[in-house]
Amino acid sequence: MGDRTLTVEALVLPSPLLHREAVFRQALARDAGIGRARFALDAEGGLVLRARMPVGKVTGEELELLLAEVYDLGEVASPAFVALAYDRETNP
């Protein structure tokens, strides 16, 4: 985006132990049609949500909306990723 960009990053899942490809495939599928946040891999192979915004567009309201988007997407996606990565049922 440029030299002056605000980046928000939230860890969703440490590096998956099992079914890595399925976890990453599901993350890519969830990226389609969502807002400013995108799934990415961090340096250790963990799954993160990353959102960027030009500093010139940062206001209190926009920051709140961006953080809410990252939080909501992480909360919705995490159970499915954990179930895949650790071979657990989503509804025990």
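Of all residues in the stretch 27-37, which are modelled with pLDDT of 90 or more and either farther than 24 Å from Pro14 by Cβ or buried (at least 17 other Cβ atoms within 10 Å of the Cβ) (or both)?
The answer is Ala27, Ala37.
Which members of the stretch 42-56 meet the condition of being over 9 Å from the mean Cα position of the chain (by Cα) and more than 15 Å from Thr7 (Cβ to Cβ)? First the steps, then the outcome.
Taking the stretch 42-56 and keeping what is over 9 Å from the mean Cα position of the chain (by Cα), we get 42-46, 52-56.
Matches in the stretch 42-56: Glu44, Gly45, Gly46.
Looking only at the stretch 66-80, decide whether some residue is in a loop (DSSP other than H, G, I, E, B), surrounded by 11 or more Cβ atoms within 10 Å (Cβ to Cβ) and in contact with a Leu (Cβ under 8 Å, 6 or more places away or on another chain).
At the first step, the residues of the stretch 66-80 found to be in a loop (DSSP other than H, G, I, E, B) are none.
No, every residue in the stretch 66-80 fails to be in a loop (DSSP other than H, G, I, E, B), surrounded by 11 or more Cβ atoms within 10 Å (Cβ to Cβ) and in contact with a Leu (Cβ under 8 Å, 6 or more places away or on another chain).
Out of all the residues in the stretch 1-37, which are part of a strand (DSSP E or B), over 14 Å from Ser78 (Cα atoms) and not hydroxyl-bearing (Ser, Thr, Tyr)?
Just the residues of the stretch 1-37 that are part of a strand (DSSP E or B), to begin with: 5-13, 37.
From what is left, the residues that are over 14 Å from Ser78 (Cα atoms) are 5-9, 37.
Answer for the stretch 1-37, where residues must be part of a strand (DSSP E or B), over 14 Å from Ser78 (Cα atoms) and not hydroxyl-bearing (Ser, Thr, Tyr): Leu6, Val8, Glu9, Ala37.
Scan (1) surrounded by 14 or more Cβ atoms within 10 Å (Cβ to Cβ); (2) in a loop (DSSP other than H, G, I, E, B); (3) in contact with a Lys or Arg (Cβ under 9 Å, 6 or more places away or on another chain) for the single condition Gly45 breaks and write down its number.
(1)
Here is a list of conditions, (1) surrounded by fewer than 17 Cβ atoms within 10 Å (Cβ to Cβ); (2) touching a residue at least 24 places away in the same chain (Cβ under 8 Å), and Thr59 meets all of them except one; can you say which number that is?
Condition not satisfied by Thr59: (2).
The values are calculated or read from the model by the stated rules, or taken from the named source; none is laboratory data. Predicted, not measured: the structure shown is a model, and the values here were computed from it. Neighbour counts are summed over all protein chains in view; Cβ atoms, including those assigned to glycine, are modelled from backbone coordinates with ideal geometry.
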